[in-house]
Amino acid sequence: MLIDYYDVEVFTPPCEPGAERFAARARLRTDISAALPYLNASLPGAVYTPAAQALVWKKGGHSIAFHAYEVLTSNAADRQEAERELRSLIDLVNRTWERRDEITPDLETHQRPTPMAVYKLLPKTNCKACGEATCFTFALRLAASQVQVEGCPALFEPGQAHTLAALRSMLIDAPRIG
Ligand code: SF4
């Protein structure tokens, strides 16, 4: 196991005094830098910066950061959710490290697609079936990994296969799937 001991701190981010959102930080005793290229290869939409030994990722509404001796998550509704999310990230690092022989490490920095690039591939009918008021709002959330393509039923209608494939490729950044 790569991470077997860590300290957990749950806090309200200083930039949001009084905000009812919580962040959590794990201080590690093990350097997880060597695991970051494997996480980069496995996590859709992750942005890895080798020079800083840092990898940031969006999962649901959480902004997540992995550093050599630290893992952070933000935007949790309460302290329990923040801590639960953090522990699931520690498990993710450990599971990824244990599977490293099956994963081709990725040392590149990939850029996330812009909302406009995502929007261009959506049907642009503003039908609201996804629960959003417009296709562009859905594109904003899709680009931030807050929703998935399955949320737009129109993408699964006959004749949409190529568009759906292009969208998935853009969002997943195909080369990183291992
Ligand atoms: S379901 Fe699809 S087509 Fe309809 S508004 Fe949402 S993104 Fe646009």
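The values are calculated or read from the model by the stated rules, or taken from the named source; none is laboratory data. What you are looking at is a predicted structure, and each value in this text was computed from that prediction instead of being measured. In this analysis, Cβ positions are derived from the backbone assuming ideal geometry, glycine residues included, and neighbour counts consider all displayed protein chains. Each accessible area value is taken on the protein alone, full model and side chains, heavy atoms only, with ligands, DNA and RNA left out. Shrake-Rupley method; radii C 1.70, N 1.55, O 1.52, S 1.80 Å.
General observations
- So residue 152, is it hydrophobic (A, V, I, L, M, F, W, C) and open to solvent by 60 Å² or more (accessible area, probe 1.4 Å): no
- Residue 47 meets all of the listed conditions (1) open to solvent by 40 Å² or more (accessible area, probe 1.4 Å); (2) out of contact with any Pro (no Cβ under 8 Å at 6 or more places or on another chain) but one, namely (1).
- Flag: residue 113 does not match the condition of being more than 20 Å from residue 60 (Cα to Cα) and more than 10 Å from the ligand (Cβ to nearest atom).
- Taking the numbered list (1) within 15 Å of the ligand (Cβ to nearest atom); (2) surrounded by 12 or more Cβ atoms within 10 Å (Cβ to Cβ) in turn, residue 108 passes all entries but (1).
- Filtered by the rule that a residue be among the aromatic types (Phe, Trp, Tyr) and either open to solvent by 40 Å² or more (accessible area, probe 1.4 Å) or more than 7 Å from the ligand (Cβ to nearest atom) (or both), the range 116-146 gives 119, 136.
- The C-beta contact set for the range 113-125 (first residue within 12 Å of residue 170 (Cα to Cα), second residue β-branched (Val, Ile, Thr), distance under 9 angstrom, 6+ apart or interchain) comprises 121/163.
- The helices (runs of 4 or more DSSP H) found wholly in the range 66-178 and carrying at least 2 residues that are over 24 Å from residue 52 (Cβ atoms) and of a type in the set (D, E, K, R) occupy 79-98.
- The set of residues in the range 62-85 being buried (at least 18 other Cβ atoms within 10 Å of the Cβ) and farther than 18 Å from residue 31 by Cβ consists of 62, 64, 73, 74, 75, 76, 82, 83, 85.
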